[in-house]
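This structure is in structure tokens; I'll ask about it shortly.
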Amino acid sequence: MSLFGKISESLNAIVKNSYQSDDNFNQEEYDKYNNERIKEFKDRYDLTSVAGIRSIPVEEAKRYSDGGRSVVYMPEQILSRQATEYKNNQQYDLAIECLRKVNELYPLSFYQYTRDNYERLVDFLILAGRFDEARIEHNNIDKLHGTRLDELHNLQDFCAKMGDETKEDYQKRIIDPYIEESKVREQYYWLLENLPNIAPKSFGGYRRMKNMKSDTYKKIVDEVKKKGYEIDLLTFWT
């Protein structure tokens, strides 16, 4: 499950638990209420066109200023799921437009979202082959919301302050693996842009073959060398 999916599931569980304050919780009624709110939103706005998606006012994020009865029907969640559907159907223009609107809504939402949630737009731009746009968007998000590494360092300080974990342990458990993964992700994005014919279909696939040093990975290393680069020194963002 993606990070977005995990967060959505977690947020919904929190609201759902507060909603089912007794043993009379009705799942069918709960789902029916969510679906009605989702339908209201989709009837109010045209999600089948770029212009329709762009027309959604950011004030929609404040429609449920108390968090509502479920995170499921929050505007940013509806649009995020719609973006996934468009992506699965290779309709990247619509998927990307949904996520642009989502990133406008996040700061005004009752719910809190992580830096990685904003980066989902960048990931979709890369999948669509719009690499220059992805770099611009990535840098803009860094300027507006800070980097993911900044966010992790803040969490590191918080955990240490609360006595949950030492800074050293958090560094080894979370930050160091994140830094390493980020380097590998840059390599993968570089391959998608510069050697698309031999780039694996997914980042997970590339990471696995790199860890295994498979024959396919060795061929990729050789192709990168032919272009005058060392694979471990590849960068994408700069």
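Please specify each residue of the stretch 26-44 satisfying the condition of being among the aromatic types (Phe, Trp, Tyr) and within 23 Å of the chain's Cα centre (by Cα).
Phe41 - this is the single residue of the stretch 26-44 that is among the aromatic types (Phe, Trp, Tyr) and within 23 Å of the chain's Cα centre (by Cα).
Looking at Asp157, Asp93 in this structure, which one is assigned by TED's automatic domain parsing to the domain that holds Thr235 and either among the acidic types (Asp, Glu) or closer than 29 Å to Arg37 by Cα (or both)?
Sole residue among the options that is assigned by TED's automatic domain parsing to the domain that holds Thr235 and either among the acidic types (Asp, Glu) or closer than 29 Å to Arg37 by Cα (or both): Asp157.
Hey, another quick one. Looking only at residues in the stretch 199-238 that are within 27 Å of the chain's Cα centre (by Cα), loosely packed, with under 13 Cβ neighbours inside 10 Å and not polar (S, T, N, Q), which one is farthest from Leu125 (Cα to Cα)?
Ranking the candidates gives Met212 first.
While we're looking at this one, here's another question. Considering every residue within the stretch 110-124, establish whether at least one is buried (at least 17 other Cβ atoms within 10 Å of the Cβ), outside any helix (DSSP H, G or I) and not assigned by TED's automatic domain parsing to the domain that holds Leu191.
Scanning the stretch 110-124, I find at least one residue that is buried (at least 17 other Cβ atoms within 10 Å of the Cβ), outside any helix (DSSP H, G or I) and not assigned by TED's automatic domain parsing to the domain that holds Leu191, so the answer is yes.
Report yes if some residue within the stretch 24-35 is of a type in the set (S, T, N, Q), modelled with pLDDT under 95 and more than 16 Å from Tyr73 (Cα to Cα); otherwise report no.
yes
Condition first: touching a residue at least 24 places away in the same chain (Cβ under 8 Å), touching a His at 6+ places or on another chain (Cβ under 9 Å) and not small (Gly, Ala, Ser). Can you find one or more residues in the stretch 172-181 that meet it?
Taking every residue of the stretch 172-181 in turn, at least one turns out to be touching a residue at least 24 places away in the same chain (Cβ under 8 Å), touching a His at 6+ places or on another chain (Cβ under 9 Å) and not small (Gly, Ala, Ser).
Acidic (Asp, Glu), within 16 Å of the chain's Cα centre (by Cα) and either surrounded by fewer than 19 Cβ atoms within 10 Å (Cβ to Cβ) or on the phi > 0 side of the Ramachandran plot (or both): is that true of Glu104 in this structure?
Considered against the rule, which asks whether it is acidic (Asp, Glu), within 16 Å of the chain's Cα centre (by Cα) and either surrounded by fewer than 19 Cβ atoms within 10 Å (Cβ to Cβ) or on the phi > 0 side of the Ramachandran plot (or both), Glu104 comes out as yes.
Would you mind telling me which numbered condition in (1) among the small types (Gly, Ala, Ser); (2) modelled with pLDDT under 95; (3) part of a helix (DSSP H, G or I) Gly68 fails?
Of the numbered conditions (1) among the small types (Gly, Ala, Ser); (2) modelled with pLDDT under 95; (3) part of a helix (DSSP H, G or I), the odd one out for Gly68 is (3).
Something else now. Kindly list the number of the only condition in (1) surrounded by fewer than 17 Cβ atoms within 10 Å (Cβ to Cβ); (2) farther than 30 Å from Asp46 by Cα that fails for Phe131.
The failed condition is (2).
The values are calculated or read from the model by the stated rules, or taken from the named source; none is laboratory data. Worth saying up front: this structure is predicted, and the values here are computed from it rather than measured. Don't worry about glycine lacking a Cβ; one is built from the backbone with ideal geometry, like all the others, and counts go over all protein chains shown.
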